[in-house]
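Worksheet: one structure, shown below.
What follows draws every value from the coordinates through simple rules; no lab data is involved. Treat the numbers as computed from the prediction; the structure is a model and nothing was measured.
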Amino acid sequence: MTKMTLATALVALTLQLGALLLPAKTCAQSGGPFCRLPRIVNQLPKDAVLETTWRNVEPPVQVCRVTNHKNLWAGSYSWFQLDARPGLTLTYGQLDSLLSAGEIAETTKVATVLLRYPIRARSFAEARRAALYRPRRLDSRRVAEEFRRFWSSLGR
C-alpha cells in the first residue's frame, strides 16, 4: 500500500467516522450539523441483531454478520455530499478523485449517508463478494432523499 493510498483511506475513514470521534463541543465549534452521526437507510429486517464488529471490505464497503438470522449478513455502503455542493451525491471513488486532484481538502465538510442492505451468504468470503457487487445495482433514490432531509434540516 502506497503512502497516498494509506492517506486517502485514512481521510475517508475520518470523514465517515468523524462524528463518532469528535467531542460535542468541538463539533459545535467546527460547524455543528456536519458533526451529526451519518444517516442510515436501513433495508435490513426490522428484527436484525448485528454483530458488534463491522469488517472492512474496501472503502466504503463493510459487512457484518446478522446473529439472529441464518446465512444473513449486513452490507454497508457510504455515500457522500460536500457542504459546497449539497445536490451532488458522490461515491467514495468520486470523493477520493476530488481529494487527489486537490479540488477539496482534508478539512472539507462532508455529509454521509450509510446504505445498509441484506446479503444472503454462508461465509465472510461470500458476503464480501456480494457486498462489492450489490450497491452498484441499487437505486439511490432513498439515499438522495436522506441527503435532502439532511440539507433541509439545516434550513437550506
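The stretch between Phe124 and Asp47, if pulled fully straight at 0.36 nm per residue, gains 25.6 nm over its current Cα-Cα span. Computed extension gain for Arg55 through Leu88, at 0.36 nm per residue and net of the alpha carbon distance, reaches 9.1 nm. Computed extension length for Ile40-His69: 8.4 nm, one decimal, from 0.36 nm per residue of separation with the Cα-Cα distance subtracted.
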